[in-house]
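Shown next, in C-alpha cells, is the structure this report addresses.
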Amino acid sequence: QVQLVESGGGLVQPGGSLILSCAASGRTFSSNAMGWFRQAPGKEREFVAAISSRGGSTYYADSVKGRFTISRDNAKNTVNLQMNSLKPDDKAVYYCTAAGGPYAGYRPKDYAYWGQGTQVTVSS
C-alpha cells in the first residue's frame, strides 16, 4: 500500500553534512507517521528519528539529537533527514519507514513499510 525509495546517501567527512530523501507512493502516506532507522553490519537496526503524520511532532534518538532533523512534505509525498556534524559512528545503511498509524516511536514493530536503504559512509 505504501512504497518507499531512499536516496541521497554517500561518502562524507566527519563533521560534514548530508541529506537523505525518501519518496513515498500510496494514498495513505499523509496518514502515516514516518521514521528513519539505520543498521551497520553485524548490528541491530537502530531507531534514528520519527515524525508524525502531519509533521507536528518529531522524535530523535539521543545519539542524533541536535544534529539530525527529520521533515516531511505531504503534498510531495517525501520525507527527508538532514544530517549535520556527522561522526564515524553514523556510518550505516539508512532506511525510510512508514508506520501503521499517525504516531510512532522507536519500536521497529510500529512500522509497517520499509524502503531498501541508502548507504551513508563517514570517513576521512
Checklist outcome for this item: On the accessible surface of the chain, probed at 1.4 Å with all protein chains in place, carbon and sulfur together account for a percent value of 47
Next on the checklist: Full-extension gain between Thr78 and Ile19, please, as 0.36 nm times their residue separation minus the C-alpha to C-alpha distance.
Outcome noted: 20.0 nm
Next on the checklist: About the Cα centre, and with charges only on the beta carbon of Lys, Arg (+1) and Asp, Glu (-1), how big is the dipole of the chain? Nearest 20 debye, please.
Outcome noted: 140
Item to check | Accessible surface, per residue, of the chain when the full set of protein chains is kept, probe 1.4 Å, Å² | outcome: 53
Checklist outcome for this item: Per the rule of 0.36 nm per residue minus the C-alpha distance, extending Gln119 to Ala61 adds in nm 19.0 nm
Next on the checklist: How much length would be gained if the chain were fully extended between Arg27 and Tyr106, taking 0.36 nm per residue of separation minus their Cα-Cα distance, in nm to one decimal?
Outcome noted: 26.0 nm
Item to check | Relative contact order, percent, the chain [alpha-carbon distance under 8 Å, six or more residues apart] | outcome: 36
Item to check | Where Tyr94, Tyr59, Tyr103 fall by accessible area, highest first, once all protein chains stay in place (1.4 Å) | outcome: Tyr103, Tyr59, Tyr94
Checklist entry - Over region 33-115, with a single point scatterer placed on each C-alpha, what log10 of the ratio I(q)/I(0) does the Debye formula yield at q = 0.13, 0.20, 0.21, 0.22 1/Å? => result -0.36, -0.86, -0.95, -1.04
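The values are calculated or read from the model by the stated rules, or taken from the named source; none is laboratory data. Computed from a prediction, not measured in an experiment: that's the story for all the values here. For neighbour counting, all protein chains shown are included, and Cβ atoms are generated from backbone atoms with ideal geometry for every residue, glycine included. Note: areas computed on protein heavy atoms with side chains; ligands, DNA, RNA excluded. Shrake-Rupley method; radii C 1.70, N 1.55, O 1.52, S 1.80 Å.
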